[in-house]
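The block underneath contains the structure these notes are about, expressed in structure tokens.
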Amino acid sequence: MIISHKYRFIFIHCRKVAGSAIKTTLWPHLGPDDIMIGSLDEVLQRGGQLNRAARKAMRHPRALNVTRKAALERWQHGDTARYRNLVNTAVKARYRRSLFRNPVHPPAESAKAMFPHEWENYFKFCFVRNPYEQALSEYSHQKRNSGREFDFVYFLKALSGEIEDRDIMPSGLTSNWPLYTINDQVAVDHVGRYENLEEDFAWLCEQLGIHYQGRLHEEKVEKHRRTKKLHDWYDEGSVERVHKLYSKEVEYFSVPSPVDEKPME
């Protein structure tokens with residue numbers, strides 16, 4: 001999530017839509033008091049510096065314990081991956097209780113409650129993705145992070161509560177719908193599409209007055225491209241599970257079933 005006072009916008013970071021690439025691309029343009037929650041480890045890895053707002057967040061009482069660990073890590077070992085992760089965690093810790101348990105992806109209602117003036121007066125935008133693609137991206141991410149072997153159907157069963165396996169569950173909300181809606185009404189000014197990411201992002205930068213070079217920072221997903229077509233991952237049962245998990249988005253955006261797109265044999 002980004003709250004930019006300099007450009008008067010709020011970026012809602014939905015899950016699995018290249019949000020980290022968007023944030024690290026925007027970071028060099030942000031002002032000293034602009035708030036960014038999440039992806040600060042990637043900013044530091046790219047040679048960026050923390051701004052005043054991030055340093056202030058790290059001094060917050062809720063963040064101090066993690067901030068001390070980050071300082072010790074840097075003093076003992078330098079600018080390590082662990083140090084960068086601790087910095088990112090410290091900033092998130094500052095907002096966790098007041099914004100959401102996963103403050104990188106807070107519900108719109110929580111963001112509005114914490115930043116009421118900005119919510120009413122700033123331009124709000126997010127990106128969304130085909131839910132059937134998002135479910136696959138979540139599966140790939142959780143499988144990679146867990147170091148375990150499990151198939152897509154097993155993951156969907158865990159996600160939908162048919163089986164209990166908290167070790168492979170994503171943190172925060174499953175569906176992005178609550179992140180950009182309030183009372184089931186879209187509450188942001190622009191909903192971009194992941195499928196049209198570069199063009200939509202370039203248009204947004206133009207509207208906001210941000211000089212954009214025409215290329216988002218490399219997405220993490222680029223390293224893990226799937227070889228199978230979307231419809232090859234799905235059968236009727238998995239389509240039904242995803243439809244239930246992401247029903248609001250499937251219906252609002254009239255997303256077709258990938259099974260219906262299978263070529264005739």
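The values are calculated or read from the model by the stated rules, or taken from the named source; none is laboratory data. Just so it is clear, the model here is predicted, and its values are computed rather than measured. Here Cβ is always computed from backbone atoms with ideal geometry, including for glycine, and neighbour counts include all displayed protein chains. Accessible surface is based on the protein model in full, side chains and every heavy atom, while ligands, DNA and RNA are left aside. Shrake-Rupley method; radii C 1.70, N 1.55, O 1.52, S 1.80 Å.
Taking the criterion of being within 22 Å of Thr181 (Cβ to Cβ), under 10 Å from the mean Cα position of the chain (by Cα) and of a type in the set (Gly, Ala, Ser), the residues of segment 1-40 that qualify are Ala18, Gly19, Gly38. Looking at Thr67, is it over 18 Å from the mean Cα position of the chain (by Cα), β-branched (Val, Ile, Thr) and crowded, with 16+ Cβ neighbours inside 10 Å? So Thr67 passes the test. Within the set Phe152, Phe123, the sole residue that is touching a residue at least 12 places away in the same chain (Cβ under 8 Å) and open to solvent by 20 Å² or more (accessible area, probe 1.4 Å) turns out to be Phe123. Among the candidates Ser98, Ser137, the residue that is under 30 Å from Leu204 (Cα atoms), at pLDDT below 95, among the hydroxyl-bearing types (Ser, Thr, Tyr) and open to solvent by 20 Å² or more (accessible area, probe 1.4 Å) is uniquely Ser98.
Scanning segment 71-102 for residues that are charged (D, E, K, R) and not in a helix (DSSP H, G or I) gives Asp79, Arg97, Arg101.
Name the residues in segment 155-176 that are open to solvent by 20 Å² or more (accessible area, probe 1.4 Å), in a helix (DSSP H, G or I) and in contact with an Asp or Glu (Cβ under 9 Å, 6 or more places away or on another chain), would you? Residue satisfying the conditions is Lys157 alone. For Gln142, the test of being open to solvent by less than 60 Å² (accessible area, probe 1.4 Å), farther than 21 Å from Val259 by Cβ, assigned to a helix (DSSP H, G or I) and polar (S, T, N, Q) is passed.
A quick yes/no check of all residues on (1) closer than 22 Å to Ser110 by Cβ; (2) free of Cβ contacts under 8 Å to residues at least 24 places away in the same chain; (3) open to solvent by less than 30 Å² (accessible area, probe 1.4 Å):
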{"residue": "Met1", "(1), (2), (3)": "yes, no, yes"}
{"residue": "His5", "(1), (2), (3)": "yes, no, no"}
{"residue": "Ala21", "(1), (2), (3)": "no, no, yes"}
{"residue": "Gly31", "(1), (2), (3)": "no, no, yes"}
{"residue": "Gly38", "(1), (2), (3)": "yes, no, yes"}
{"residue": "Leu44", "(1), (2), (3)": "no, no, yes"}
{"residue": "Gln49", "(1), (2), (3)": "no, yes, no"}
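Annotation note: of Val91, Val128, Val87, the sole residue that is in contact with a Leu (Cβ under 8 Å, 6 or more places away or on another chain) and under 18 Å from Ile22 (Cβ atoms) is Val91.
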